[in-house]
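The values are calculated or read from the model by the stated rules, or taken from the named source; none is laboratory data. These figures come from a predicted structure and were not determined experimentally. Here the Cβ is made from the backbone with ideal geometry for all residues, glycine too, and neighbour counts use every protein chain on show. Side chains are part of the model used for accessible areas, which takes the heavy atoms of the whole protein and leaves out ligands, DNA and RNA. Shrake-Rupley method; radii C 1.70, N 1.55, O 1.52, S 1.80 Å.
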Amino acid sequence: MSASYHVFVYGSLLNVASASSVLKHITPSSYQPFFFPNATLAFDVSIPVATATWKGNAAFLNLHPEGDGVDGMLISVSKEAFMRLRTREKYYGVLSRTIAGLTVHTFSADTRHNCDPVLSVYVDKILTGVRCFGSSFYSRYLPAIENAMRDHPLINGAYKFEDQEITSLTNVDTH
């Protein structure tokens, strides 16, 4: 039996369809509401992507280990699943904290690129996932993502990662 890793998710992994591309047996019941203290969200991880009409670096959601805290979800995964998540989230490092006696891992990048545009389809993917967890969670989460999006231009249209390894572990809408 594999060891269980407790992973705090706050972005596209909140979307069960997106998460299922790397975590094959995940269901909505796999998620438990969780508050990650002393953290904040920002769109500042710069990753190369392309849409039908635009190519460049887009800003993806990041968790910084300072701030008031972030509402998200906790999932438990095997070591093998955690390693697949690390591959998918290769632009991020692993941040581990002990919270209420539980070792919790999440993905966080040290670099900050605050000027890149945000992909509207990516935000929609996150919010579609968030809505599945009910109106109370949605109303707590929405202000944090809206604040994180502040001052970023939006890019419309489906996108692909330039990194094919990441694309293979996501369900990026390519239509």
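Per-structure values
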item	result
Folded to 0 to 90 degrees: helix 135-149 orientation relative to the chain principal axis, Cα	50
Mean-position separation - Cα centroids, region 1-59 and region 127-149, in angstrom	14
Alpha-carbon spread of the chain, three principal axes, descending order, Å	46, 33, 31
Total charge dipole magnitude, region 35-175, about the Cα centre, Cβ charges on Lys, Arg, Asp, Glu only, Debye to nearest 20	300
Most mobile of Ser29, Ser78, Ser12 in a GNM of the chain (Cα contacts under 10 Å)	Ser29
Gained length - Asp124 relative to Glu66, 0.36 nm times residue gap less alpha-carbon distance	18.3 nm
Global geometry of region 1-85, whether rounded, prolate or oblate, following the gyration tensor of its Cα atoms and the 1.5 cut on a/c	oblate
Highest-fluctuation residue, Ser120, Ser18, Ser136 considered, GNM on the chain with Cα pairs under 10 Å	Ser136
Added length on full extension, which subtracts the Cα-Cα distance from 0.36 nm per residue, Arg86 to Ser20	22.3 nm
Amide hydrogen neighbours beyond the local backbone of Leu95, cut-off 5 Å, H modeled	Thr106, Phe107, Ser108
Most mobile listed residue (Ser139, Ser76, Ser21) in the chain, GNM with C-alpha springs under 10 Å	Ser139
Cα shape, region 79-119, gyration tensor, a/c 1.5 rule	oblate
Potential lengthening between Arg97 and Asp110 on full extension [0.36 nm per residue; Cα-Cα distance subtracted]	3.1 nm
Residue-normalised accessible area of region 1-137, expressed per residue, 1.4 Å probe, Å²	45
